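K.L.:
Structure in structure tokens, see below.
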């Protein structure tokens with residue numbers, strides 16, 4: 001049975017809020033850490049950050065399990081992007097992508113676990 005926004009606990013909505021912040025931070029990271037000249041790393045951060053934030057906002061507005069799967073996939077893709085796209089020598093860019101990807105993927109996995117392992121209501 002799919003969860004509605006009312007069925008979700010505060011911890012679960014907080015996870016989506018954290019993912020919004022991480023997505024925004026990832027999108028801003030090329031300017032903050034000065035890797036805008038590395039266009040591959042910068043564009044990856046901008047696109048992944050915006051997508052992560054938008055999916056998390058969607059989960060806050062009207063929760064659906066696919067949004068957590070999408071953020072899990074986006075988190076893993078962000079995590080591996082430095083090596084797949086070839087910008088792993090760029091220290092700040094790589095660190096930013098790895099940290100953001102890990103946070104988003106782990107939080108999405110936790111929320112998926114909450115969704116699948118919710119105790120049945122006795123009411």
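The values are calculated or read from the model by the stated rules, or taken from the named source; none is laboratory data. All figures in this text were calculated on a predicted structure; none of them were measured in a lab. Here the Cβ is made from the backbone with ideal geometry for all residues, glycine too, and neighbour counts use every protein chain on show.
K.L.:
When you look at residue 14, is it out of contact with any helix residue (DSSP H, G or I) (no Cβ under 9 Å at 6 or more places or on another chain) and in a helix (DSSP H, G or I), yes or no?
P.N.:
For residue 14, the condition - out of contact with any helix residue (DSSP H, G or I) (no Cβ under 9 Å at 6 or more places or on another chain) and in a helix (DSSP H, G or I) - is met.
K.L.:
Then there's this: Residue by residue through region 62-94, note down the ones that are within 26 Å of residue 14 (Cα to Cα) and without any contact (Cβ under 8 Å) to a residue 12 or more places away in the chain.
P.N.:
Result: 66, 73.
K.L.:
Going by the structure shown, is residue 20 crowded, with 17+ Cβ neighbours inside 10 Å, touching a helix residue (DSSP H, G or I) at 6+ places or on another chain (Cβ under 8 Å) and at pLDDT 85 or above?
P.N.:
When the stated conditions are applied, residue 20 passes them.
K.L.:
Okay, moving on. Go over the candidates 45, 41, 53, 27 one by one and state the one that is assigned to a helix (DSSP H, G or I) and closer than 30 Å to residue 116 by Cα.
P.N.:
So the residue among 45, 41, 53, 27 that is assigned to a helix (DSSP H, G or I) and closer than 30 Å to residue 116 by Cα is 53.
K.L.:
Could you tell me whether any residue of region 99-115 is modelled with pLDDT of 95 or more, out of contact with any helix residue (DSSP H, G or I) (no Cβ under 8 Å at 6 or more places or on another chain) and not in a loop (DSSP other than H, G, I, E, B)?
P.N.:
Within region 99-115 (the criterion being modelled with pLDDT of 95 or more, out of contact with any helix residue (DSSP H, G or I) (no Cβ under 8 Å at 6 or more places or on another chain) and not in a loop (DSSP other than H, G, I, E, B)), the answer is yes, since at least one residue qualifies.
K.L.:
When you check residue 60 against the structure, is it on the phi < 0 side of the Ramachandran plot, over 10 Å from the mean Cα position of the chain (by Cα) and assigned to a helix (DSSP H, G or I), yes or no?
P.N.:
Details: on the phi < 0 side of the Ramachandran plot: yes; over 10 Å from the mean Cα position of the chain (by Cα): yes; assigned to a helix (DSSP H, G or I): yes.
Here the answer is yes, as residue 60 does meet what is asked.
K.L.:
Turning to a different aspect of this structure: Can you pull out the residues in region 86-98 that are modelled with pLDDT of 90 or more and surrounded by 15 or more Cβ atoms within 10 Å (Cβ to Cβ)?
P.N.:
The answer is 87, 92, 93, 94, 96, 97, 98.
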